[in-house]
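Chemist: First the structure, which I've put down as structure tokens, then a few questions once you've had a look.
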Amino acid sequence: MNKVVRLLLPVALCLMATVGFSGCKGGASSGGGTQPSALADEPNVTFKDLQGNSVPLSGFKGKVLLVNFWGTWCEPCRGEIPILIRLQQNYSGKGFTLLGVATNDDVSAVGPFVHNTQFNVDGKQETMNYPIVMGSDDISTKFGGLLGMPTSYLINRDGKIVKRYIGSLNEAQIVKDVESQL
Amino acid sequence: MRLARKFWYLSGLCTLMVILSGGIALATHATAQDASAPKSALEVVKAHSYVSLDPVPRGKDFQIAVVVNIESGYHMNSHKPSDSYLIATTLTPQLPAGFTLVDTMYPAGRNEKFPFSPDKPLNVYSGSVTLKMKLTAQDAAPIGSTTIPITLRYQACNNSACLPPVKVPVSAQLQVAAAGASAHAVHPEIFSAGASQEK
């Protein structure tokens with residue numbers, strides 16, 4: 001009996017410790033997104049729109065918000081724009097909105113891009129149909145620093161960050177996540 | 001008494017095992033996360049400069065090569081990217097008095113498709129590429145040790161995300177000698193006619 005206890009107890013404790021640590025959540029991932037272990041408050045930031053008007057993030061409280069950091073120079077950011085247009089088309093009437101934050105970019109490049117660039121969305125040519133604002137290093141830092149572009153943050157109606165997505169969005173996953181917040 | 005000693009022995013052993021196994025699990029977890037997270041633009045691209053002559057006599061042409069090593073799994077736009085909105089790789093020297101830039105030579109990129117651009121190939125650099133500049137040391141170039149500051153601008157991506165465009169300082173060190181001084185060709189693996197600009 002004594003020998004059995006001596007052998008099994010450390011093994012059992014090892015297993016418990018391993019399971020406990022490997023259950024840690026948080027940090028960076030790509031595609032499917034990362035859920036923080038505790039919901040963080042959205043940062044207190046104010047953007048400028050393409051006309052130079054102030055757009056406080058807090059002004060979106062009460063809506064489910066997907067903040068998408070992107071750039072005209074970023075090919076994967078461009079690649080996911082049809083998904084974002086479709087999200088806005090399908091959910092903007094249900095208490096959801098997208099907010100595109102142009103980062104490492106110049107308003108003189110972003111304005112014409114937003115108004116003129118056509119994207120193939122389900123066989124139709126569409127332009128970006130959601131609000132676009134300009135980002136800055138300070139804004140990126142307040143969001144915790146951008147590890148790559150695109151990076152998106154899903155924020156619930158109470159202004160809490162629910163999930164972070166680094167890299168191209170998985171459409172099925174983001175639809176599921178948005179619907180879960182509506 | 002003997003029982004108490006056994007209890008403490010077992011407790012100590014268990015505590016040690018918990019700490020060790022927890023530490024290993026935590027380290028494994030952190031490594032797995034790091035592998036999936038994009039790195040910084042400065043981490044994925046390393047640049048080193050080389051000068052073709054030592055010393056460089058006044059009045060002579062010489063070359064500076066910037067060898068750029070791009071981490072596996074990443075690429076950066078070539079000097080002539082597929083679209084005008086993409087940020088091209090460029091070398092810009094800040095020439096001190098006495099030097100002129102004759103030409104900058106960029107290798108051709110490779111057309112590659114990526115998961116985020118499955119239909120449209122992008123013209124990119126990956127692996128190791130060598131960018132070169134041809135310069136002239138004029139008669140007014142200061143004799144002795146000189147540094148030529150150079151700015152490498154690039155924008156790198158992996159298969160799912162892009163890193164912000166960056167400008168990285170790369171400096172070239174050279175010795176300038178009097179006109180007619182004997183000069184040795186150095187780094188033939190980079191500057192000889194047959195040396196590859198891309199690996």
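Any read-out appearing in this document is the output of simple, stated calculations on the displayed coordinates, not a laboratory observation. Keep in mind it's a predicted model, so treat the numbers as computed, not measured. Methodologically, a virtual Cβ is constructed for each residue, glycine included, from the backbone with ideal geometry; neighbour enumeration extends over all protein chains shown.
Chemist: Taking strands (runs of 3 or more DSSP E) that fall entirely within segment B:90-199, which contain at least 3 residues that are on the phi > 0 side of the Ramachandran plot, surrounded by 18 or more Cβ atoms within 10 Å (Cβ to Cβ) and more than 14 Å from every other protein chain (Cβ to nearest Cβ)?
Modeler: Details: elements: B:90-93, B:99-105, B:110-114, B:117-125, B:128-137, B:144-154, B:166-177.
Counting at least 3 such residues, we get no strands (runs of 3 or more DSSP E) at all.
Chemist: Continuing with the same structure: Is it the case that A:Gly100 is within 12 Å of another protein chain (Cβ to nearest Cβ) and buried (at least 19 other Cβ atoms within 10 Å of the Cβ)? So that I can check it myself, show each step before the final result.
Modeler: Working: within 12 Å of another protein chain (Cβ to nearest Cβ): no; buried (at least 19 other Cβ atoms within 10 Å of the Cβ): yes.
In short, no.
Chemist: Is it the case that B:Gly73 is within 14 Å of chain A (Cβ to nearest Cβ) and in contact (Cβ under 8 Å) with a residue 24 or more places away in the chain?
Modeler: Numbers: within 14 Å of chain A (Cβ to nearest Cβ): yes; in contact (Cβ under 8 Å) with a residue 24 or more places away in the chain: yes.
Criteria met by B:Gly73.
Chemist: Does segment A:131-141 contain any residue that is of a type in the set (A, V, I, L, M), within 25 Å of B:Ser117 (Cα to Cα) and within 14 Å of another protein chain (Cβ to nearest Cβ)?
Modeler: No - not one qualifying residue is present in segment A:131-141.
Chemist: Related question: Out of everything in segment A:115-166 that is among the polar types (S, T, N, Q) and closer than 15 Å to A:Val178 by Cβ, what residue ends up being surrounded by the fewest Cβ atoms within 10 Å (Cβ to Cβ)? Please lay out each step first, then the result.
Modeler: Taking segment A:115-166 as the starting set, the residues that turn out to be among the polar types (S, T, N, Q) are A:116-118, A:120, A:125, A:127, A:129, A:136, A:140-141, A:151-152, A:156.
Those still in the list that are closer than 15 Å to A:Val178 by Cβ too: A:152, A:156.
Values: A:Ser152: 24, A:Asn156: 18.
Top of the filtered list is A:Asn156.
Chemist: Now a separate question. One residue is enough: does segment B:87-96 have a residue meeting the conditions under 30 Å from B:Ala178 (Cβ atoms) and of a type in the set (S, T, N, Q)? Spell out the reasoning first.
Modeler: Our first condition is that a residue be under 30 Å from B:Ala178 (Cβ atoms); within segment B:87-96, this holds for B:91-96.
Now narrow it down to the ones that are of a type in the set (S, T, N, Q): B:92, B:94.
Checking segment B:87-96: at least one residue is under 30 Å from B:Ala178 (Cβ atoms) and of a type in the set (S, T, N, Q).
Chemist: Taking into account only those residues within segment A:94-120 that are outside any helix (DSSP H, G or I) and among the aliphatic types (A, V, I, L, M), which is farthest from A:Ile174 (Cα to Cα)?
Modeler: A:Ala102
Chemist: Restricting to segment B:44-70, give me the number of residues that are more than 22 Å from B:Glu189 (Cβ to Cβ) and surrounded by fewer than 21 Cβ atoms within 10 Å (Cβ to Cβ). Let's see the steps before the verdict.
Modeler: Just the residues of segment B:44-70 that are more than 22 Å from B:Glu189 (Cβ to Cβ), to begin with: B:44, B:57-59.
Still in the list and also surrounded by fewer than 21 Cβ atoms within 10 Å (Cβ to Cβ): B:57-59.
Number satisfying all stated conditions: 3.
Chemist: Among the residues of segment A:146-164, which ones are within 8 Å of the chain's Cα centre (by Cα) and facing another protein chain (nearest Cβ under 10 Å)?
Modeler: A:Thr151
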